[in-house]
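Shown next, in structure tokens, is the structure this report addresses.
No value in this document is a laboratory result; all are computed from the given coordinates. Keep in mind the model is a prediction, meaning the values are calculated, not measured. Note that we place each Cβ from the backbone using ideal geometry, even for glycine, and neighbour counts take in every protein chain shown.
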Amino acid sequence: MSVYETEEEQVEAIKKWWKENGTSIIAGVVLGLGGVFGWQAWNGYQDRIGGEASVAFSQLIGAAKTADPASASKQAELLRSEFESTSYAVLAAMVEARLKLEQGDRGAARSQLEWAMQHSDNPSLKTLARLDLARVLLSDGELKRAAELADVTDGGFAADFAELRGDIAAEQKRLDAAREAYTQALALNAADPQRLQMKLDDLAGVTP
């Protein structure tokens, strides 16, 4: 199972983070690294955070978009070491985590997400890093720790965590718990109800 099952799931995570924090463009870069990037939309945010950090982050995104992992890692390290107190540093760690996953270096990706969780002062951004890390752990088969991180029942990502708990329970062959979690995710207006319904339908034909 990938960290994000669909591009739509990535976009929905972006929207949720934007709704709570008002910085959708930056969050979009972190999760999608795609066409939702727009420089002018976050000029005000740059001014408040600091010119140097914003320039370093811009360079990181440029390197990530042009598939230059060495430069991207260099910029991410610069942000973490020199601008540790800013959200840019946390976002940089999450960008690098995604790049490491694409390169197959799952251990490094997990380390970056752990760092993001530990250093973020923004509750929503911390929760997003936690969600990403739990998905990576599930994909790596570390179900116990994934379940511990997935124990989030409120906030803007509650539906995502409920679905994740369903995925973990299904992997553990706890079918009733999986059905309950998927149903809860649907009730919380999950981003992709059709996918959730398919998961429920698949469970209907499985016996313990």
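Expressed as a fraction of 2.2 N^0.38 Å, the rule-of-thumb size for a compact globular protein of N residues, what is the C-alpha radius of gyration of the stretch 79-146? Could you put the intermediate results ahead of the total?
Working: Rg = 11.5 Å, N = 68, 2.2 N^0.38 = 10.9 Å.
Dividing the Cα Rg of the stretch 79-146 by 2.2 N^0.38 Å gives 1.05.
Only four residue types carry charge here, +1 at the Cβ of Lys and Arg and -1 at the Cβ of Asp and Glu. Report the dipole size of the stretch 150-208 about the Cα centre in Debye, rounded to the nearest 20.
On the way: 6 positive and 11 negative charges, 31 e Å.
I would put it at about 140 debye.
What span do the alpha-carbon atoms of the stretch 150-208 cover on each of the three principal axes, reported in whole Å from largest to smallest?
Each principal axis gives a Cα extent; for the stretch 150-208 these are 33, 22, 13 Å.
Please give the charge dipole size of the stretch 77-123, origin at the Cα centre, charges +1 on K and R Cβ atoms and -1 on D and E Cβ atoms. Round to the nearest 20 debye. List each step's numbers first, then the result.
Values: 5 positive and 8 negative charges, 42 e Å.
Around 200 debye, computed over the stretch 77-123.
Efficiency by 1/(1 + (r/R0)^6): what FRET value for ASP202 and ALA108, r their Cβ-Cβ distance, R0 = 35 Å, to the nearest 0.05?
Numbers: r = 33 Å, r/R0 = 0.94.
Plugging the Cβ-Cβ distance into 1/(1 + (r/R0)^6) gives 0.60.
Identify the residues of the stretch 71-102 with backbone N under 16 Å of a label point that sits 7 angstrom from the Cα of GLU52 along the Cα-to-Cβ direction, or state none.
75-89
Taking neighbour counts of Cβ atoms within 10 Å as a proxy for exposure, in what order, fewest first, do SER85, SER139 appear?
On the way: SER85 11, SER139 16.
In increasing order of surrounding Cβ atoms, one gets SER85, SER139.
Arranged by the count of other C-beta atoms within 10 angstrom, fewest first, what order do ARG106, ARG80, ARG145 take? Intermediate results must be reported in sequence, preceding the final value.
Working: ARG106 16, ARG80 20, ARG145 13.
By the 10 Å Cβ count, ascending: ARG145, ARG106, ARG80.
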